[in-house]
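Enquirer: One structure, pasted below without further comment.
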């Protein structure tokens, strides 16, 4: 049987998808499994590492059964959710703790400790990243400091620490692998040399031997095996971080081209070229990909940590939505938000604000407020947060984009996309496939086996429509200014609450009012 298909394994935060594509990057079979997300404490976000692995095995088995078996797969592209960290023992392969998801803020004290001793400028220079709990290194430090099983494995020198790609390749390939795009999200990679940096490893106290081997984003990397897939191996031909996969899946390969993927969060990336861009204090400088032995391509990056997860929370946490898709109909059912504003910050605020202590806020409630007003304000808040990033990114690029390419599960929300275009004053090009991430992974696999060139990937995912702004420029500027004032106030609420709590536990004579003493 001829190997005539490419398989994308898209391991995301909320689900795992496997999609088989033909040589023209047309999808021919797919499977999906949800991944549960756990919140054991405020600010903590976890997943089950075994559930992640099992979802990949199941999705792949289902697609292979539909396609006629592993013999038809010429190359596999594996993308992963980025900064999420898993610790396991190399002798047993067993996870030593839950996966710490990229949204998790538990490593904030470690990050603040490093900031307090003045290490942030050097860390940013080496990695392109600010100190923030978002990145993997702080999560690894937390595991090493707080989890006895991890400490014991480190003492035995059997500890493995890695991102989701490393966990999956360890079990399916026999060796933990990662690529420069995902490694650049750990805050342990020197983005200039594309190697693990000893100074960073010492700073975060992460043993080098625990980490994955770094390989090119596209190129032969061995064969994936599992008993449920049959005897033949699946040739792994690409490894990449999910958002970078979406970038190339949109055909963004030239400097200045920009995309936004609307999923659990919203991640905006723009191609910067062959040198690490100067990101300033607001954005991230990251590796987009490294193809074979060629120099790396770099990107500017900014993330909204709470987007689709906000709508999920309005459904699951508050019961305001029957389904996230209901948000569009509700938003259109009212003329405005009746003064309600929503700060989507269930996992802190990322670029360009970098306020990890911020919490989600719903403000401006009154007796007239309905769930429709809250739904509309939630979508508006997501749109404003994306605009926060795009405005800064456009100013930082040598070649500003003429449009923003969009995909993801919220890209079908017409209300959100029109509001997004209006808040940016920029057209949105909606991808023909919402699976730009998987398509990018498959396209890279096609490059890894010599079938495709980078420029051919975008041709398989042309825009199906353009959403143009209709809001007047003056109205947009006033609304954006009001939003920035709201964020400045709302982001400070957790600190104000902490101060109030501290005052409440003062000794009685100091805390009491003289009137009642």
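All of the numbers you see were taken from the coordinates with simple rules; none came from a lab. Since we're looking at a predicted model, the values are computed, not measured. We place every Cβ from the backbone using ideal geometry, glycine too, and count neighbours over all the protein chains shown.
Enquirer: Determine the gain in length on full extension of the stretch residue 274-residue 122; use 0.36 nm per residue of separation and subtract their C-alpha separation, reporting nm with one decimal.
Expert: Taking 0.36 nm per residue and subtracting the Cα distance, the gain is 52.6 nm.
Enquirer: For 242, 422, 281, which order do you get if you count the other beta carbons within 10 Å of each Cβ and list the fewest first?
Expert: 281, 422, 242
Enquirer: Based only on other Cβ atoms within 10 Å, what is the fewest-to-most ordering of 415, 298?
Expert: 415, 298
Enquirer: Put a dot 7 Å past each Cα toward the Cβ at residue 213 and residue 228; how far apart are the dots in nm?
Expert: The modelled label-to-label distance comes out at 2.7 nm.
Enquirer: How big is the gap, in Å, between the Cα center of the stretch 370-398 and the Cα center of the stretch 228-268?
Expert: 23 Å
Enquirer: Moving to a separate point now. When every alpha-carbon pair in the stretch 165-204 is counted, what percent end up more than 16 Å apart?
Expert: Percent of Cα pairs beyond 16 Å in the stretch 165-204: 42.
Enquirer: Assuming R0 = 35 Å, can you tell me the calculated FRET efficiency for the pair residue 395 and residue 294, based on Cβ-Cβ distance, to the nearest 0.05? Don't skip to the end; give the middle numbers.
Expert: Details: r = 29 Å, r/R0 = 0.83.
FRET efficiency, residue 395 to residue 294: 0.75.
Enquirer: Using only helices, what value at 222 nm comes out for the chain when you add -39,500 (n - 2.57) per DSSP H run of length 4 or more and divide by the total residues, to the nearest 500 deg cm²/dmol?
Expert: Only helices count here, giving -11000 deg cm²/dmol.
Enquirer: What FRET efficiency comes out for residue 44 versus residue 464 if R0 is 41 angstrom and r is the Cβ-Cβ distance? Round to the nearest 0.05.
Expert: 0.55
Enquirer: Specify whether the C-alpha gyration tensor of the stretch 71-212 places it in the rounded, prolate or oblate class, a ≥ b ≥ c being the square roots of the eigenvalues: rounded for a/c under 1.5, otherwise prolate if a/b is larger than b/c and oblate if not.
Expert: oblate
Enquirer: How do 91, 169, 370 rank when sorted from fewest to most other Cβ atoms within 10 Å of their own Cβ? Intermediate values should be presented prior to the final figure.
Expert: Values: 91 10, 169 25, 370 14.
Going from sparsest to densest Cβ surroundings: 91, 370, 169.
Enquirer: Return the distance in nm (one decimal) between the two label points of a simple spin-label model at residue 334 and residue 365, each offset 7 Å from Cα along Cα→Cβ.
Expert: Here the answer is 1.2 nm between the modelled labels.
Enquirer: For the stretch 186-280, what class follows from the C-alpha gyration tensor (a ≥ b ≥ c being the square roots of its eigenvalues): rounded when a/c is under 1.5, otherwise prolate if a/b is larger than b/c, else oblate?
Expert: Oblate, because a/c is 1.5 or more while a/b does not exceed b/c.
Enquirer: Sticking with this structure for a sec: At a threshold of 8 angstrom on Cα-Cα distance, excluding pairs fewer than six apart, so keeping six or more, what relative contact order does the chain reach in percent?
Expert: Relative contact order for the chain comes out at 15 percent.
Enquirer: Just how far, in whole angstrom, is the stretch 432-479 from the stretch 132-161 if you go by their alpha carbon centroids?
Expert: The stretch 132-161 and the stretch 432-479 have Cα centres spaced 37 Å from each other.
Enquirer: Still on this structure, I have one more. Could you work out how far apart the two model spin labels at residue 23 and residue 112 are, taking each label as a point 7 Å from the Cα in the direction of the beta carbon, and quote it in nm?
Expert: That separation, rounded to one decimal, is 5.8 nm.
Enquirer: Ok, one more. How large is Rg over Rh for the stretch 1-118, taking Rg from the Cα atoms and Rh as the Kirkwood inverse mean of 1/r across Cα pairs?
Expert: Using Cα coordinates only, the ratio equals 1.11.
Enquirer: From Cα pairs below 8 angstrom and at least 6 apart in sequence, can you work out the relative contact order of the stretch 101-179, rounded to a whole percent?
Expert: 22 percent
Enquirer: Gain in length, residue 193 to residue 91, computed as 0.36 nm per residue apart minus the alpha-carbon separation, to one decimal in nm?
Expert: Details: separation 102, 0.36 × 102 = 36.72 nm, distance 3.11 nm.
Using 0.36 nm per residue and subtracting the Cα-Cα distance, I get 33.6 nm.
Enquirer: Rounded, prolate or oblate: pick one for the stretch 349-499, where a ≥ b ≥ c are the square roots of the eigenvalues of its C-alpha gyration tensor, a/c under 1.5 means rounded, and failing that, prolate if a/b is larger than b/c, else oblate.
Expert: Values: a/c = 2.06, a/b = 1.81, b/c = 1.13.
The shape class here is prolate.
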